[in-house]
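Engineer: I'd like to ask you about the structure that follows.
Values quoted throughout were computed directly from the atomic coordinates according to the rules given, and no laboratory measurement underlies them. The structure displayed is predicted, hence computed values, not measured ones. Every residue, glycine among them, receives a Cβ derived from its backbone with ideal geometry; neighbour counts consider all protein chains shown.
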Amino acid sequence: MRSLLGPLHRWVWLDTARRARKLLRFAETEADGGRDLVRAAEMTTDSLLRRHFLRHARDEQRHAELFRGRGAALLRVLPQPPRSGYRADWLAPGERGLDDLRVEELEVDALLAFLHLSEKSAATDFARYRDVLQHDPPTRAVFEEILRDEAHHMNYTFSQLVRVSPQHHRWLLWRARLGRLWKGYLRLAIALAGGISWLILTVLYFTLLPPFAYFAKRSARQEPAGWRPVSAERNASLDRQY
């Protein structure tokens, strides 16, 4: 599967403007995840988890700065400001952060399970992006630096999950996987719906509009050109409105 996605990822990251937009988008996601982790640290009563969450939040903020700095640097070398183009987010997703979850509504073990899978998925994706960025060493170096932190995040989330829920950690991981699969399906469905609607509207434009345009031009050709004389009845008096 990785070899099949390689050409797609290479195409996604080849364009400089799209590369810059994706890095800036990754920066937003990392910053959002950092804020959610700070909120999780404030809510937990486990002092060890609080320290882990705060360190994780600092890492996410640093990742956001790395992505933002590199994205801004790429934008500065472009000859003109980029237009809003296709980002191909579903082909090359970034870290999902907490995926708009309400941290205050989650038990700490469920949060750890979700974080572990999110960090694992992000590490896999970032490794793929690093491998196709041979043509951009600075961006490749950003991913390499972030990958070192992702490995630590995967390890601590799993070890802490086993600590706080030794009997049910496997079930929690499976439940988190099912949740991620459902959200992945929703993202794919939205992308497919957008593509299908574009295709339908394009077909309607080229099949229904030409006949209307033809009959409109035909009707216009049948109309006499220039001014037409007003009938005597309508032009008889100027002292009334009609």
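Engineer: What are the ³J(HN,Hα) couplings of the stretch 123-129, residue after residue, when phi is run through the Karplus curve with 6.51, -1.76, 1.60 and θ = phi - 60°? Round to Hz, x for glycine and proline.
Structural biologist: With coefficients 6.51, -1.76 and 1.60, one gets 4, 5, 5, 5, 5, 5, 5 Hz.
Engineer: What order, most packed first, do the peptides 73-79, 106-112 have when packing is the mean number of other Cβ atoms within 10 Å of each residue?
Structural biologist: Details: 73-79: 12.1, 106-112: 19.4.
Result, highest mean first: 106-112, 73-79.
Engineer: Tell me the Kirkwood hydrodynamic radius of the stretch 154-218 in angstroms, computed as one over the mean inverse distance between distinct C-alpha pairs. Walk me through the intermediate numbers first.
Structural biologist: Numbers: mean 1/r = 0.0616 Å⁻¹.
When all Cα pairs of the stretch 154-218 are included, the Kirkwood radius is 16.2 Å.
Engineer: Can you order the peptides 207-215, 64-72 by their average number of other Cβ atoms within 10 Å per residue, highest first?
Structural biologist: Numbers: 207-215: 9.7, 64-72: 18.3.
Highest-to-lowest ranking by the protection proxy: 64-72, 207-215.
Engineer: Which ³J(HN,Hα) values in Hz, rounded to whole numbers, follow from the phi angles of the stretch 29-43 under the Karplus curve 6.51 cos²θ - 1.76 cosθ + 1.60, where θ = phi - 60° and Gly and Pro get x?
Structural biologist: Here the 3J(HN,Hα) series is 5, 5, 5, 4, x, x, 5, 5, 5, 4, 5, 5, 5, 5, 8 Hz.
Engineer: Please express the shape of the stretch 2-194 as an equivalent ellipsoid: the semi-axes are the square roots of 5 times the eigenvalues of the C-alpha gyration tensor, given largest first in whole angstrom.
Structural biologist: 30, 18, 15
Engineer: Listing Phe26, Phe114, Phe206 from the residue with the fewest other Cβ atoms within 10 Å to the one with the most, what is the order?
Structural biologist: Placing the least packed residue first, the sequence is Phe206, Phe114, Phe26.
Engineer: If a/c stays under 1.5 just call it rounded; otherwise compare a/b with b/c (prolate if a/b is bigger, oblate if not). Do that for the stretch 33-78, with a ≥ b ≥ c from the square roots of the Cα gyration tensor eigenvalues. Intermediate values should be presented prior to the final figure.
Structural biologist: On the way: a/c = 8.21, a/b = 3.89, b/c = 2.11.
Cα axes put the stretch 33-78 in the prolate bin.
Engineer: What are the extents of the Cα atoms of the stretch 99-189 along their three principal axes, listed from largest to smallest and rounded to whole Å?
Structural biologist: So the extents along the principal axes, rounded to whole Å, are 46, 34, 22.
Engineer: Something else about it: How do 12-24, 181-193 rank on mean C-beta neighbours within 10 Å, highest first? Show your work: numbers first, answer last.
Structural biologist: Details: 12-24: 19.5, 181-193: 11.5.
So the order, starting with the most tightly packed, is 12-24, 181-193.
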